[in-house]
Amino acid sequence: MSITVTLFGQMITFGILVLFIWKYLWGPMTTMMEDRTKRIADGLAASERGKQDLEIAQQRAAQRLREAKQDAADIVNAANKRASEIIEESKEQGRQEGKRQLDAAVAEIEQEINRAKGDLRRHFINLTLDTAKKVLGREIDASAHNDIMNEMIKKL
Amino acid sequence: MNEAHETVAGHGPVEYIQHHLHNLSIGEGFWTFHIDTFFFAFGIAILIGFVAKKIGDNLNPDNPTGMQNLLEIILEFVGQQVKDAFNGYNPLIGPLALTIFVWVFLMNAMDLLPVDLLPWVATEMGIPYLKVVPTANLDTPLSLAASVFMLIVIFNIKAKGGIGFVNMFLFHPFPADNPVVKIILIPFNIMMTTIEELSKPISMGLRLFGNMFAGELIFILIALLPWWVQFIPGGLWAIFHILIITLQAFIFMLLTVVYLGMANQALEADH
């Protein structure tokens with residue numbers, strides 16, 4: 001067992017094999033594995049970020065929902081209030097209008113009554129005067145009995 | 001195991017063992033070329049290269065399957081060792097360690113094939129000798145160790161500079177403040193550092209060689225037992241040997257990284 005020229009053949013083979021492995025396996029594979037490690041890390045970071053974003057979004061959504069509910073409740077309240085106000089106003093207006101119309105009607109009736117009374121009075125006086133003229137003829141002096149006549153008119 | 005040794009050797013246990021430890025080679029002396037060792041080492045290298053190219057060209061980051069998964073595991077494992085043992089950065093270390101680990105492991109794994117299988121096939125094809133395990137031949141571990149040694153020297157010079165590298169031999173491991181003592185210590189330092197540096201690759205190579213040679217020898221010895229009892233020691237040894245081949249590949253890889261890491265450090269100030 002001694003050293004032979006095979007040793008140098010093996011050395012050359014070894015050198016070539018190392019270079020070959022370096023170029024075609026170690027190089028590409030380490031690059032790939034580094035890329036993959038990086039990608040996995042990025043992916044995990046992204047998913048973590050996504051989770052956080054989701055949480056924030058959920059919180060925001062819940063906040064929005066609360067606000068919206070509050071707003072809706074406010075609006076409903078305001079609407080109810082406004083509705084009751086309108087009803088009250090309408091009632092008030094109705095009452096006033098009714099009262100006004102009533103007053104007007106009463107006033108008109110009174111006017112009519114007064115006018116009718118006046119007319120009636122005049123008719124009655126004239127009728128009475130005519131009747132008295134016809135009954136008394138010339139005996140009654142219009143001027144002499146004027147005060148009686150006026151007294152009668154007043155009584156009527 | 002099988003009982004092919006009777007057809008291959010058929011003379012006796014000593015001849016059988018010798019036959020199994022005989023390389024298929026051409027040339028004489030130093031210029032002997034072990035064809036079988038080179039063939040299997042080169043064939044495994046081609047196989048690794050082929051798989052590496054195939055996987056490397058079809059990398060699928062999202063849906064890795066089969067061989068890519070396996071290679072990713074090995075690559076991450078080796079990369080982790082490199083990160084732990086090698087300070088600083090050098091793009092060569094990773095591929096180097098990966099290649100050593102995979103190549104040495106597969107060459108060692110040839111040991112797990114039935115010890116007579118491939119030699120028997122070779123005999124049938126008219127090849128008289130075949131030693132299957134490349135790492136059980138001294139040349140292969142030492143060639144790897146010599147390559148690593150060259151890299152250690154290169155890294156040393158790169159990290160420490162040419163003068164720093166020489167200084168390492170002159171004033172290490174026994175530094176001194178007194179100039180006279182310094183000069184006296186120089187021969188010892190040169191000797192010690194040379195031994196230290198040379199012992200690294202030699203111990204590395206011999207460790208791997210010794211383990212694999214011994215393992216192969218035990219397989220051969222087991223194959224000499226009667227065929228109906230071989231499976232007990234053979235099975236046990238094969239299972240244990242799985243640990244050894246992995247461990248030896250790992251040790252070789254790790255020592256390479258550690259030695260290169262040491263070489264890569266700049267010279268510390270004398271203390």
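No lab work stands behind these numbers, since they all come straight from the coordinates. As the structure is a prediction and not an experimental result, all values here were calculated from the model. Reconstructed Cβ throughout: ideal geometry from the backbone, glycine too, with neighbour counts over all protein chains shown.
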For a quick check, take a GNM of chain B with Cα springs below 10 Å and name the residue from B:Asn189, B:Asn69, B:Asn178 with the largest mean-square fluctuation. B:Asn178
Measuring from label point to label point, each 7 Å out along Cα→Cβ, what is the A:Gln58 to A:Leu120 span in nm? 9.1 nm
Kirkwood Rh and Cα Rg combined as Rg over Rh, evaluated for the stretch B:5-264: 1.06
What value, in deg cm²/dmol to 500, does the helix sum -39500 (n - 2.57) over DSSP H runs of n ≥ 4 give at 222 nm once divided by the residues of chain B? -24500 deg cm²/dmol
Any residue on another chain or 5+ positions along whose placed amide H is under 5 Å from the amide H of B:Phe33 is listed here as B:Ile26, B:Gly27
GNM on chain A, Cα springs under 10 Å; top mean-square fluctuation among A:Arg95, A:Arg64, A:Arg36 goes to A:Arg36
Could you run the Karplus curve 6.51 cos²θ - 1.76 cosθ + 1.60 with θ = phi - 60° over the stretch A:79-96 and give me ³J(HN,Hα) per residue in whole Hz, x for Gly and Pro? 5, 4, 4, 4, 4, 5, 4, 4, 4, 4, 4, 4, 4, 4, 4, x, 4, 4
Points 7 angstrom from Cα along the Cβ direction at B:Ala266 and B:Leu206: gap in nanometres? 3.6 nm
Long-range lysine pairs (8 or more apart or interchain), the stretch A:6-155, Cα under 17 Å: 4
Within chain B, longest stretch clear of exposed chymotrypsin sites (Phe, Trp or Tyr not before Pro) (DSSP loop, no more than 15 other Cβ within 10 Å): B:90-226
So what is the orientation-averaged projected area of the protein assembly as shown, using the convex hull of its C-alpha atoms, in nm²? 58.5 nm²
Using only DSSP helix segments of four residues or longer, with each worth -39500 (n - 2.57), what per-residue ellipticity at 222 nm results for chain A after dividing by its residue count and rounding to 500? -32500 deg cm²/dmol
Just want to confirm a number: the relative contact order over the stretch B:5-264, from Cα pairs under 8 angstrom separated by 6+ residues, in percent. 28 percent
Note: B:139-145 gets an average of partner chain Cβ contacts (10 Å, Cβ to Cβ) equal to 6
Kyte-Doolittle at least 0.5, axis length at least 24 Å by Cα - qualifying DSSP helices, chain B: B:35-57, B:139-170, B:179-223, B:231-264
Please build a GNM for chain B, connecting alpha carbons under 10 Å apart, and tell me which residue among B:Val104, B:Val132, B:Val14 fluctuates the most. B:Val14
Residue range of chain B that is longest and free of GluC sites (Glu not before Pro) which are both DSSP loop and sparsely packed (at most 16 other C-beta within 10 Å): B:29-267
Starting from the Cα of B:Asp57, step 7 Å toward the Cβ, then list every residue of the stretch A:10-32 with an amide N under 14 Å from that point. A:24-25
Work out the FRET efficiency for B:Ile239 and B:Met67 from their Cβ-Cβ distance, taking R0 = 30 Å, and round it to the nearest 0.05. 0.75
Full-extension gain in nm, B:Phe188 to B:Val153, via 0.36 nm per residue minus C-alpha separation: 10.6 nm
Which distance in nm do the two modelled labels at B:Phe169 and A:Met149 give, with both placed 7 Å along the Cα-to-Cβ direction? 17.6 nm
